[in-house]
1. Can you give the net charge of the other residues whose Cβ lies under 9 Å from the Cβ of residue 200, counting K and R as +1 and D and E as -1?
2. Whenever you get a sec, compute what percent of the accessible area on the chain sits on carbon and sulfur atoms (1.4 Å probe).
3. At 1.4 Å probe radius, can you tell me the per residue accessible area of the chain in Å²?
4. Averaged over all directions, how much area does the convex hull of the C-alpha atoms of the stretch 506-579 cover when projected, in nm²?
5. For residue 107, what residues show an amide H to amide H distance below 5 Å, using hydrogens built from the backbone and excluding near sequence neighbours?
6. Ignoring everything but the protein chains, give the 1.4 Å probe accessible area of residue 653 in square angstrom, nearest 10.
7. Out of all DSSP beta bridges in the chain, what portion is antiparallel? Express it as a percent rounded to 5.
8. Convex hull over the Cα atoms of the stretch 588-701, averaged projected area in nm²?
Amino acid sequence: DTLERDMQETWAIHGVYPSLAWTPDDQEIVYWARGKLWRIHVETARKALETLRRDGNPMPQGPYLREIPFHVADDRRVQPAVRFPVEVSPEKFHVKALCDVSVSPQGDAVAYNALGHIWVRALPDGTPKRLTSDNAHFEFMPSFSRDGAQIAFVRFGDDELSSVCVAPATGGAARALTTERGHYGKPVFSPDGASVVFEKRSGGYLISPLWSNETGIYAISAGGGAMRRIAKHGASPQFGARSDRIYFTESEEAKDADIHRLFSVGIPNATANREDSDERVELESSNATEFAISPDGKFVAFVEKFQVNIAALPAAGRKLTVGPKATTFPTARVSKDAGKFVQFSGDSSRLYWTLGPELFERKLSDAFMFLDGAPDKPLEAQEHGRDISFDRETSKPAGKLAFVGARIVTMRGDDVIENGTLVVDGDRIVAVGPRASVAIPSDARIFDVAGATIMPGIIDVHFHGPTDVGGIIPQQNWAHAANLAFGVTTAHDPSHDTQQFFATSELARDGQITAPRLFSTGTILYGAMGSFKVEIETLDDAKSHLRRLHALGAFSVKSYNQPRRDQRQKILAAARELGMMVVPEGGSLLQHNLSMVVDGHTGIEHSLPVEHIYSDVAQLWKPGGVGYTPTLIVGYGGIWGEDYWYDRTDVWKNERLNAFVPRFVIDPRSRRRIKAPDEEYNTLRSAGICKALVDAGVSVQLGAHGQLAGLGAHWELWLQCEQGGLTPLQALRNATLSGARYIGLDRDLGSLEAGKLADFIVLDANPLESIRNSEQVRQTVIGGRVYNARNMALVNVGRADPRGGAPAHFFWSDAQDGLPMQTTSAGCASCGQ
């Protein structure tokens, strides 16, 4: 009972309990606990214990246990935390997350998905233009026909699901080939233009799970008609030289790698009802993530460890293994930093790929000396390609708003205005102060919020949430709506698919989907294993990886499982040079955590794997300005904080949660819940580290880890306050201004001041009296748009609002069992009250 909690409930690669040793005479054990060193005389303690057990008394601290006094005076050099200011909402933004980029076989045009639609741009110079004028659906995955005249793509709507469509490459109305609802993807024309081959997938989670049976690779006539299944498995179909044989990929997770295979199969004729007729594996790679066969079938391009490679493809008649170090046939790396969406020109003489908004191209003769026209030596990889994207105005509403009579928790120090007025013009706050001293513009729409509390929107700096299903972004994402309904207005995701996250973030910035402000590191800089393993041996390696993430919109990166400290330091050095931030994964290793503090990471993500910290840690931590995001909701060393709330509260009865989160997410954890006494929840003790660091002047932030959309952020807030010992105001500051400062957003977010963005929430109860009142959100305001938090109806309809102000509605809404929203409590969609 004198020990502190050990590591056995997470993992303990450096030992379960630190630093146990016998004295040389074998009489005493020396150990560490409670910030001190102790020695216990074993035989004396054993005898005392026998006596106490016989008498039924607990064992007190006795003469067999002695403290070993010690004091350490030490100097350490600590680096300042790497942190840079970020402009949250510029007037214009450059669209960077171009998806499914397709160059015409003739090389005179390029098509891609951006901002939810297909855009076409003439090459080499041209202005991107929409392929269709359809604003009722999203469009994805364009692909040119071999003659360059048509583009096949996927059209998607939340209600209609997917359809495979074809439109003239010059633009115009689209024609649907498929007539059956489904989940379709990656359509491609056959070389002769007679058919289109595509994926049929399953849905679920963010989009309807209906129409998910009989998945595989299908073909359909380019004129429409019946679909025919060609293979029961696979993804990303493509053609080589022949129209009667297709290629497709499949992946398999292995122990130390992700095995990727390229299959081929013949296409049966229209009267033959055969599947998997002569399927065979053509290529295999332990780490490739994309394959592209040249139109003449003589070359293959592949992406491995983010880099683009080309290999000559011999007609071997058997499975070949490809990789950047292969020696059995010619292979060349052609990208400098990274590449995606690899494809060949129609005559197989060039290779194209993209990185963010830039299109790269490389002649095969510049990579292989044996081809005609090759230079004397291979050319260096290009640092930059051709920017094929465009600028877009950031969507924001017009008009003025005044919120009158509320208590305003400004986060300007401890300033709380008891009867205040807050005025918004467009997407910015223009005035905030006591009601008697703030003039309300005559043309402002007035919201009477007397008795309510206004505070900045919650900033979740360690958020994970779904954005898409296989590259299909839903028009209404229930997870985004849930976060907004519970007052989370900004979310930073330190681990997500780079391409799809930033595509979703740009859609939100354009006003076409309703979501918090979305920021991310993109894919983690993972140092362990798998196809996305990041190998950093030099500073140039680190710079290359940071550049590829920055190209799509990342201002931060996540250093994860980089095994050596010098590798982590190289990432930091690159970040300082490139103006990016670094959030590391501590991995439940205190040794790593403290070295990360010393080296100047932006912050430490996840809880420290100890029960308490002492003055040595606090003294070390403060000078560099490194933040702490404890994510107590998934705290190390015991049952997670998330389970505490399932244990102690009837989560499935939460009316607002049921309006925005489906029962298939809520019910399994909340109805079949773990029950445990308080002493089993290590989180309840380790939460005190938050107070110890705040008291020492260290920034602590809120990160809910995406455990339960919306409500999870409040659980994290309550744990910091009720179990961690912070005052409600301190905990609320962690959830707002501290989070904004942590990731460089505080010029625009985190406090209620003139000039900052109008991101705030109106609460029906005062969270300064009880932190549990933070959940009582009446209205969520993000960028000047006011949402009724009970149904996410937009009160002041602005430009490009996808729902015209209507309440949120999801594929499961009509079938949701349990506690429906009542008319009396849903509020008025027109006024938000």
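1. Numbers: positive: 201, 229; negative: 199, 214.
Local net charge: 0.
2. Details: 16430 of 33380 Å².
The nonpolar share, carbon plus sulfur, comes to 49 percent.
3. Numbers: 33380 Å² over 833 residues.
So the chain comes to 40 Å² accessible per residue, rounded to a whole number.
4. Result: 5.6 nm².
5. It is 346, by chain and number.
6. Around 110 Å² of this residue is reachable by solvent.
7. Numbers: 128 of 158 bridges.
Rounded to the nearest five, the antiparallel share is 80 percent.
8. Approximately 8.1 nm², given one-decimal rounding.
The values are calculated or read from the model by the stated rules, or taken from the named source; none is laboratory data. All figures in this text were calculated on a predicted structure; none of them were measured in a lab. Cβ sites come from the backbone with ideal geometry, for glycine too, and all protein chains shown count toward neighbours. Heavy atoms of the whole protein, side chains included, go into the accessibility calculation; ligands, DNA and RNA do not. Shrake-Rupley method; radii C 1.70, N 1.55, O 1.52, S 1.80 Å.
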